[in-house]
Amino acid sequence: DAGVIQSPRHEVTEMGQEVTLRCKPISGHDYLFWYRQTMMRGLELLIYFNNNVPIDDSGMPEDRFSAKMPNASFSTLKIQPSEPRDSAVYFCASSTDSAGDYTGELFFGEGSRLTVL
Amino acid sequence: AQSVTQLDSHVSVSEGTPVLLRCNYSSSYSPSLFWYVQHPNKGLQLLLKYTSAATLVKGINGFEAEFKKSETSFHLTKPSAHMSDAAEYFCVVSLVSSGGYNKLIFGAGTRLAVHP
């Protein structure tokens, strides 16, 4: 299996521009998570989906952030407009059950490093 | 409320010496606990997990952790460090949230350096 695939790996953009991050989860996984990692705040859960439906988006910072999962093999995280404080590494992860349940294993992608100038 | 504290932000050891990464948790019930590892420019990978079975949990790459309820600790150990162990390690507690699903709460991380 190819694992969780994220694109782009690196993105540099200017403040005010729209940013779209993409994720392909592991086939057969029915949970998908978006995390953000910064030095100051560590790893934060932004949103997660179960069977393509958003379950908990309480971690999404503000209305500039949106996430979609149109099908079981694809998800996007969009920031519009982007701001310098959005600079971070964004991780997508997938799982076969709600993380923390009897397996608790999340499979992470390699991340998308976003720099907003 | 559930939380997790990693007591050391950086740990440095020599190759071949033991590794100890400390983690304390706070939970109002018997938690599920995990250790994840992140190598530079990579995603996180599960090392091991505790889910109320045996208190001594063995993971990949020779790591193990012991759940001590009386001390609310879940320290990660390895008898002999290898250069390839240099990475960031995250202690994680599972949080049962409203709606019945579980969320993972990550510690701040401990960066392990291994010197020749």
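So what's the net charge close to residue A:84: Lys and Arg +1, Asp and Glu -1, counting the other residues with Cβ under 13 Å from its Cβ?
-1
If you take the charge dipole of the protein assembly as shown about its Cα centre, with +1 on Lys and Arg Cβ and -1 on Asp and Glu Cβ, which of B:114, A:2, B:86 is farthest toward its positive end?
Value computed over the given set: B:114.
Chains A and B: buried accessible surface, both sides, probe 1.4 Å, rounded to 100 Å²?
Heavy-atom accessible area buried at this interface is about 1700 Å².
Segment A:8-117: which trypsin sites (Lys or Arg not before Pro) are DSSP loop and have at most 14 other beta-carbon atoms within 10 angstrom?
A:9, A:41
Compute the relative contact order of chain A as a whole-number percentage, counting only Cα pairs closer than 8 Å that sit 6 or more residues apart in sequence.
37
For all pairs of alpha-carbon atoms in segment B:11-116, what percent lies in each bin of width 10 Å, listed from the first bin to the last filled one?
In order of increasing distance, the bins hold 15, 48, 29, 7, 1 percent.
Please check: in the Gaussian network model of chain B (C-alpha springs, under 10 Å), which one of B:73, B:12, B:28 has the largest mean-square fluctuation.
Maximum among the listed residues: B:28.
Comparing the chain by itself with all protein chains present, which residues of segment A:34-55 are at least 50 Å² less accessible (probe 1.4 Å)?
A:43
Students often get this wrong, so check it: of A:24/A:68; B:78/B:103; A:68/B:49; A:24/B:42, which have C-alpha atoms separated by over 22 Å?
B:78/B:103; A:68/B:49
Could you state the number of Å between the C-alpha centres of segment B:29-96 and segment A:34-92?
Their Cα centres are 25 Å away from one another.
Are there any GluC sites (Glu not before Pro) in segment A:1-65 that are in a DSSP loop and have at most 16 other Cβ atoms within 10 Å? List them by number.
Answer in residue order: A:14, A:18, A:62.
Using the heavy atoms of the protein chains and a 1.4 angstrom probe, tell me the accessible area per residue for the protein assembly as shown in square angstrom.
47
So if we plug the beta-carbon distance of residue B:45 and residue A:115 into 1/(1 + (r/R0)^6) with R0 = 25 Å, what FRET efficiency do we get, rounded to 0.05?
Rounded to the nearest 0.05, the efficiency is 0.50.
What part of the accessible area of the protein assembly as shown, given as a whole %, is carbon or sulfur when the probe is 1.4 angstrom?
C and S atoms contribute 51 percent here.
The values are calculated or read from the model by the stated rules, or taken from the named source; none is laboratory data. What you see is a predicted model; the values in this text were computed from it and never measured. Every residue, glycine among them, receives a Cβ derived from its backbone with ideal geometry; neighbour counts consider all protein chains shown. Side chains are part of the model used for accessible areas, which takes the heavy atoms of the whole protein and leaves out ligands, DNA and RNA. Shrake-Rupley method; radii C 1.70, N 1.55, O 1.52, S 1.80 Å.
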